[in-house]
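What follows is a single structure, written as structure tokens, with notes after it.
The values are calculated or read from the model by the stated rules, or taken from the named source; none is laboratory data. Quantities reported herein were computed from a predicted structural model and do not represent experimental measurements. All Cβ positions, even for glycine, are placed from backbone atoms using ideal geometry, and neighbour counts span all protein chains on display. Protein only, heavy atoms only, side chains kept; ligands, DNA and RNA dropped before computing areas. Shrake-Rupley method; radii C 1.70, N 1.55, O 1.52, S 1.80 Å.
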Amino acid sequence: MLSIILRILTGTIIALGGSAYVMIVPHPNFLIVSISYLIGAILIGWVVAEMIKHKIA
């Protein structure tokens, strides 16, 4: 349970870090932002998939 919460929090923090980077830096590198969003989405999607898998199985 704790690992699920940690993955959700980590994914959210990484995605929000990408958003903050866009707001703070005058000319942001959108490759870094895209990778940040992608990692955050993968972590959160992984948790959702595990929750669905355990609920169905």
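Just to be sure I understand the curve: with the Debye formula and one point per C-alpha of the chain, what is log10 I(q)/I(0) at q = 0.17, 0.19, 0.20, 0.27 Å⁻¹?
-0.57, -0.65, -0.69, -0.97
Per-residue HN-Hα couplings for segment 17-27, Karplus 6.51 cos²θ - 1.76 cosθ + 1.60 at θ = phi - 60°, whole Hz, x for Gly and Pro?
For segment 17-27, the Karplus-derived couplings read x, x, 5, 5, 4, 5, 6, 8, 7, x, 10 Hz, x marking Gly and Pro.
So, with a 1.4 angstrom probe, what is the percent of accessible area on the chain that is carbon and sulfur?
Values: 3510 of 4360 Å².
Reported share for carbon and sulfur atoms: 81 percent.
What does the highest-first list of 20-30, 3-13 look like by mean Cβ count within 10 Å? Before the final figure, lay out each step's value.
Working: 20-30: 10.2, 3-13: 13.6.
Final packing ranking: 3-13, 20-30.
In Å², and per residue, what accessible area does the chain have when probed at 1.4 Å with the other protein chains present? Working shown, then result.
Values: 4360 Å² over 57 residues.
On a per-residue basis, 76 Å².
So, R0 is 25 Å and r is the distance between the beta-carbons of residue 5 and residue 32; what FRET efficiency does that work out to, to 0.05? Write out the running numbers ahead of the final one.
Working: r = 26 Å, r/R0 = 1.04.
After rounding to 0.05, the efficiency reads 0.45.
Would you work out the relative contact order for the chain, in percent, from Cα pairs under 8 angstrom that are 6 or more residues apart? Working shown, then result.
Working: 39 pairs, mean separation 25.3, N = 57.
Normalised by residue count, the contact order of the chain is 44 percent.
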